[in-house]
Amino acid sequence: MSELFKLGIKEAVEGLEKGDFTSEDIVNSLIKRYEEKNGEIGAYLTFDAEGALEAARLNPKAVPIAVKDLINVKGQPCTCASKILKGYVSPYDATVISNMKANGFIPAGRVNMDEFAMGSSTENSALGVTRNPFDLTRVPGGSSGGSAAAVGADMCIAALGTDTGGSIRQPASFCNCVGVKPSYGRVSRYGVTAFASSLDQVGPMTKSVEDAAILLKALAGVDPKDGTSSDAQVPDYPSLIKGASMKGVKIGIAKEYFNVTGMDEEVKRITDEAIKKCEEAGAELHEVSLPHTEYAMAVYYIIAPAEASANLARFDGVRYGHRSELAKDVFSLYTKSRAEGFGPEVKRRIIMGTYVLSSGYYDAYFGRAQKVRTLIKRDFDEVFTKVDALITPCAPTPAFKIGDLQDPLTMYLNDLFTIPSSLAGVCACAVPAGFTTAGLPVGVQFISGALCEDRLLSISKAFEDISK
Ligand code: GLN
């Protein structure tokens, strides 16, 4: 009873159903865990113990879920780990939150992230450091680093993250969790602070693939408040993945994702072993190619900043959060509030985005990037006529040391393996695959076609079963 914080969603639901414990017991256990561990790990920005206990009393069978600090929950702060949103309290629930509540989950605690989800280490948070629970001198990954650290350190039952170019999958790999980036449109973006609207998706970060299936089912579905949400029916993922097996599954090995410079030897070894396990369990391996992969980074770092520069225009000192005290007129109100409120990486993206959208450069950069994005998407369409899923590393390295990657470009390279599938809008899942000799977790990534989460989760579950 005292270690309820260790539970995953499935076990929590089963215990609640049987009456072994109540939601309040789980929340109390999490509060204790928070008090013991948060000083060291820094996964949470805030944990509203009173609010969580009250919600648990109202719904004694509810499962608490940690929420990345850019998803709006009515009555809770939503800072996006930025100084510019200091003091902001959400007046409404994001659709993912109302969906969660309707399915027996309660939002409990705000977890840290890179400011506005821009980054790969959570070091861009303006509000505090988050440490990797497997080695406190290392980063948890990012931008959903607080979510991953909370799951990896058993400081929550499960968490919500968001992924624009890898922000669920890379931290999941660094912290030994399962992380699903749903297909674009599978999950509503309403109430989720926008970074790059054509890429952003909310997804589950959990202790098992089954938990991810349960939580994704609760999150997903069409939403009249998000015109890009898909009206395709949401399959019953948890029952569809029961009895999942690797037998006869066609797995693609894309040559562009291997033999990459800067790839860590141990990541390579663990990925090779994972592939071998799939084959031994009956999967058919196919060598495939996604020839436009080499352009994905360049395309992403045009499209994502372009969209961010437009989305972040709303933080102007007038409507939300921070307002400069030095403002003398409306122009200086905008410029000073933004100069004081945004951190260096966010400013870098806004400047890059504004540049690639500016007249004279629009066609050369943004227009071209859109065309190449289509080619990247076609590569995936083509590959998924031949295979059920691709297997790739999640990131080229395991978790790196806090402070080690000072150069933005080196940091960007962390997302080499996650960005192409984001641009293509397909779904992908990070699954724990092993540990380095130094004890750092390493995940592999499975990628499947758009709206093929049922297949993706089945294959991921089959892998989880054989890799234990
Ligand atoms: N690390 C990537 C970036 O900084 C991806 C971030 C994300 O997926 N939110 O843009």
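The values are calculated or read from the model by the stated rules, or taken from the named source; none is laboratory data. This one's a predicted model, so the numbers in the text were calculated from it and none came from an experiment. Reconstructed Cβ throughout: ideal geometry from the backbone, glycine too, with neighbour counts over all protein chains shown.
Worth a mention:
- For first residues located in the stretch 46-61 and acidic (Asp, Glu), partners that are surrounded by 15 or more Cβ atoms within 10 Å (Cβ to Cβ) and lie 6+ apart or on another chain with Cβ distances below 8 Å form the pairs ASP48/GLN76; ASP48/ALA108; ASP48/GLY109.
- LYS74 vs. criteria touching a Ser or Thr at 6+ places or on another chain (Cβ under 7 Å) and either over 27 Å from ASN311 (Cα atoms) or in a helix (DSSP H, G or I) (or both): no
- Every residue from the stretch 172-198 that is of a type in the set (A, V, I, L, M, F, W, C) and either crowded, with 24+ Cβ neighbours inside 10 Å or assigned to a helix (DSSP H, G or I) (or both): ALA172, PHE174, CYS175, CYS177, VAL178, VAL180, VAL187, VAL192, PHE195
- Considering residues of the stretch 457-468 that are in a helix (DSSP H, G or I) and of a type in the set (D, E, K, R) only, the residue nearest to ALA244 (Cα to Cα): LYS461
- Given (1) touching an Asp or Glu at 6+ places or on another chain (Cβ under 6 Å); (2) touching a residue at least 40 places away in the same chain (Cβ under 8 Å); (3) more than 16 Å from the ligand (Cβ to nearest atom), index of the condition ASP154 fails: (1)
- Restricting the stretch 345-368 to residues that are surrounded by fewer than 22 Cβ atoms within 10 Å (Cβ to Cβ), in contact (Cβ under 8 Å) with a residue 60 or more places away in the chain and within 16 Å of the ligand (Cβ to nearest atom), the residue that is nearest to the chain's Cα centre (by Cα): GLU345
- When the stretch 415-456 is filtered for residues that are assigned to a loop (DSSP other than H, G, I, E, B) and among the polar types (S, T, N, Q), the ones remaining, listed by number, are THR418, THR436, THR437.
- Residue match in the stretch 55-70 (condition: among the charged types (D, E, K, R) and surrounded by 24 or more Cβ atoms within 10 Å (Cβ to Cβ)): yes
- Only a single criterion out of (1) within 16 Å of the ligand (Cβ to nearest atom); (2) of a type outside the set (Val, Ile, Thr); (3) surrounded by 24 or more Cβ atoms within 10 Å (Cβ to Cβ) is not satisfied by GLY109, namely (1).
- If you check TYR334, TYR412 for being part of a helix (DSSP H, G or I), surrounded by fewer than 18 Cβ atoms within 10 Å (Cβ to Cβ) and touching an Asp or Glu at 6+ places or on another chain (Cβ under 6 Å), only one passes: TYR334.
- Any chance ALA117 is away from the ligand (no atom under 13 Å from the Cβ) and touching a residue at least 12 places away in the same chain (Cβ under 8 Å): no
- Selection status of ALA213, more than 12 Å from the ligand (Cβ to nearest atom), surrounded by 24 or more Cβ atoms within 10 Å (Cβ to Cβ) and not in a strand (DSSP E or B): yes
- Close contacts from the stretch 1-25, counting a first residue that is touching a residue at least 40 places away in the same chain (Cβ under 8 Å) and surrounded by fewer than 19 Cβ atoms within 10 Å (Cβ to Cβ) and a second that is outside any helix (DSSP H, G or I) and of a type outside the set (Ser, Thr, Tyr), with Cβ to Cβ under 8 Å and a gap of 6+ residues or different chains, come to LYS6/ASP154; GLU17/LYS61.
- Test: residue in the stretch 160-171 that is of a type in the set (Lys, Arg), within 15 Å of the ligand (Cβ to nearest atom) and modelled with pLDDT of 95 or more: yes
- When the test is whether a residue is more than 16 Å from the ligand (Cβ to nearest atom) and under 20 Å from PHE195 (Cβ atoms), ARG131 does not pass it.
- Unmet requirement for VAL202, which otherwise passes all of (1) part of a loop (DSSP other than H, G, I, E, B); (2) within 30 Å of ASN99 (Cα to Cα); (3) within 16 Å of the ligand (Cβ to nearest atom): (1)
- Flag for GLY146 being crowded, with 24+ Cβ neighbours inside 10 Å, at positive phi and within 16 Å of the ligand (Cβ to nearest atom): no
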